[in-house]
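Below is one structure, written out as structure tokens; the observations come after it.
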Amino acid sequence: MAPRGTGFARRAPIRAAVTAVSSVGYWSIDVSSRAVTLPAPPAGPAPRGLARAVRAARIVHPFPTLLNVAATAGLALVATGGDPPAGVLSRMLAVMLCAQASIGVTNDYFDRDLDAFTKPWKPVASHLVDPRPALCLAGALAVAALALAATLGPRSSALAALGLACGLAYDVRLKRSAWSALPYMVALPVLPAWVWVTLGQWRPALWWMLPLGALVGLSLHLQNTLGDIDADAAHGVRGFAHRIGARGAMVLGWASFAAALALAFALAPALSYDVAVFAPAAAAGLVCLGLSIGVWSLRRDEMGGQVGFGLLGVGSAVLAVGWLAAVA
């Protein structure tokens, strides 16, 4: 659910996604309650054909979207012992695809003014897509996600709506507030809860997903913010990570992921699950955490932040699947 110091003077254009701008000659953003208007940066050669389509498609934030779809499939296999109902699974994957794509498009729509200053290479900032079609696309995807979720039952539909609401609330408002980590901390445990409830496999031990998922969600939020923290703060963004600073966000992000690993191990005796089943996933999560720290130590810029975020995202998915398999 896409959202999101040490000086980042140069910013690598690695998170190209389409956001839309309504003005042609000027960019504007509200900084410290004042509207600041600056000339638009010079536009490069406009992409054409397939290149244009590929850049425009990034409006849906394909990496986190597909990662969540893959995580849904993996969790469904774990929840059912490898045999989820094909019809239910296909609808679940469609719900996740539409919901995550809607969150990605909404993010680019509401960040379009900020992106004009901090990520002018984004396709909307490059005038590939206008804001109104982007907003319509986000709305259509959200409606499609909710409509598909309604076919899975009331409890499943409610959890899907909660997950979607977390992502949209982050995009629209919470990203710029002290509560910016909250949508991540809620949405992360909601995903496996939704899978287990939808497939009729819920059991009391799974309530422990709430603190585990909240810790992982906090870690992912802070890691995802690191690469943009200086540029965002310079243009009026005051999320949780910006308030505690780059060093605080870095340390707290890694510590919260490590705390999730430690808690998962500590729960083994109480929940009577086989640590041997969980240990390989925990080891993979630990490796991803170490690599994330190493990447950031070598490259403290947007590229380093995004690679670190991707590593923790993969580590989180593996960790979740391993823990749930051990509990199940």
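Every number here is computed from the coordinates shown, using simple stated rules; none is lab data. All values reported here derive from a predicted model rather than from experimental measurement. Note that we place each Cβ from the backbone using ideal geometry, even for glycine, and neighbour counts take in every protein chain shown.
In region 162-182 there is at least one residue matching the filter, namely being surrounded by 24 or more Cβ atoms within 10 Å (Cβ to Cβ), of a type in the set (G, A, S) and within 23 Å of A328 (Cβ to Cβ). Entry remark, region 129-159: residues being of a type in the set (S, T, N, Q) and either within 15 Å of the chain's Cα centre (by Cα) or assigned to a helix (DSSP H, G or I) (or both) number 2 in total. Could you check R299 against (1) under 28 Å from A70 (Cα atoms); (2) more than 19 Å from the chain's Cα centre (by Cα); (3) surrounded by fewer than 24 Cβ atoms within 10 Å (Cβ to Cβ) and say which number it fails? Going through the list (1) under 28 Å from A70 (Cα atoms); (2) more than 19 Å from the chain's Cα centre (by Cα); (3) surrounded by fewer than 24 Cβ atoms within 10 Å (Cβ to Cβ), R299 breaks only (1). For region 109-128, the candidate set comprises residues that are part of a loop (DSSP other than H, G, I, E, B) and under 19 Å from the mean Cα position of the chain (by Cα); within that set, the residue that is farthest from D228 (Cα to Cα) is K122.
Of the residues examined, L162 is not one that is in contact with a Lys or Arg (Cβ under 6 Å, 6 or more places away or on another chain) and either under 23 Å from W202 (Cα atoms) or not in a helix (DSSP H, G or I) (or both). A262 fulfils the conditions (1) buried (at least 17 other Cβ atoms within 10 Å of the Cβ); (2) under 26 Å from A284 (Cβ atoms); (3) of a type outside the set (V, I, T) except for a single criterion, (1).
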